[in-house]
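Contents: one structure, followed by commentary.
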Amino acid sequence: MSEPEGGRWLEVTRAIRIDARELVEQFVRAPGPGGQNVNKVATAVQLRFDVAVSPSLSDAVRERLVRLAGRRLTGSGVLVIEAHRYRTRERNREDARQRLVELVRRAAEAPKPRKATRPTRASKERRLAGKRERAGTKRGRRSVGPDE
């Protein structure tokens, strides 16, 4: 495992900055085709970020991030991002960090509160007209009884 290089902070938004010391990067062999190089060089990166204990996130952002992360989150609350799109460690590291930033940025956006609305008079009338039409159709399907 290695300590992340580069800047000391990972800028997500103006309000959210993740300390680089909170990120743990581990380089592993990349899956898939790649010739002889793929079996010798560990270019894929696993970026780990402990969402559960990170002081960089507010409780609301943490909650939304846990929902967004889905199966990328371990049982202990560690977000694991695997990047192996590129052939070099540096590009994969940058890709993993960028994906983390995007995920946290999406979690930082508070959902818009739903405004309660009422159906319009025209929509109520259309619904009732449809009900009358269906009732008439079903009435026409009834079998004629002996008293009718």
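The values are calculated or read from the model by the stated rules, or taken from the named source; none is laboratory data. A quick note: this is a predicted structure, and the numbers were derived from the prediction, not measured. In this analysis, Cβ positions are derived from the backbone assuming ideal geometry, glycine residues included, and neighbour counts consider all displayed protein chains.
Check the range 70-81 and report whether any residue there is out of contact with any Ser or Thr (no Cβ under 9 Å at 6 or more places or on another chain), without any contact (Cβ under 8 Å) to a residue 24 or more places away in the chain and at positive phi. The answer is yes; a qualifying residue exists. I'm checking my understanding of the structure. Among residues of the range 19-54 that are at pLDDT below 75 and among the β-branched types (V, I, T), which one is surrounded by the most Cβ atoms within 10 Å (Cβ to Cβ)? The residue in question is T43.
Please tell me if E63 is among the charged types (D, E, K, R) and either touching a residue at least 12 places away in the same chain (Cβ under 8 Å) or within 29 Å of R29 (Cα to Cα) (or both). Lay out the reasoning, then the answer.
Details: among the charged types (D, E, K, R): yes; either touching a residue at least 12 places away in the same chain (Cβ under 8 Å) or within 29 Å of R29 (Cα to Cα) (or both): no.
No; evaluated as a whole, the condition is false for this residue.
Scanning the range 108-148 for residues that are polar (S, T, N, Q) and at pLDDT below 90 returns a single hit, S143.
Rundown of residues vs (1) surrounded by 10 or more Cβ atoms within 10 Å (Cβ to Cβ); (2) among the acidic types (D, E); (3) farther than 30 Å from A69 by Cα, yes/no style:
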{"residue": "E109", "(1), (2), (3)": "yes, yes, no"}
{"residue": "R127", "(1), (2), (3)": "yes, no, yes"}
{"residue": "K138", "(1), (2), (3)": "no, no, yes"}
{"residue": "R141", "(1), (2), (3)": "no, no, yes"}
{"residue": "V144", "(1), (2), (3)": "no, no, yes"}
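With modelled with pLDDT of 80 or more and within 30 Å of P111 (Cβ to Cβ) as the only criterion, which of L10, L79, L65, L57 stands out?
Just a single option satisfies the conditions, and that option is L79.
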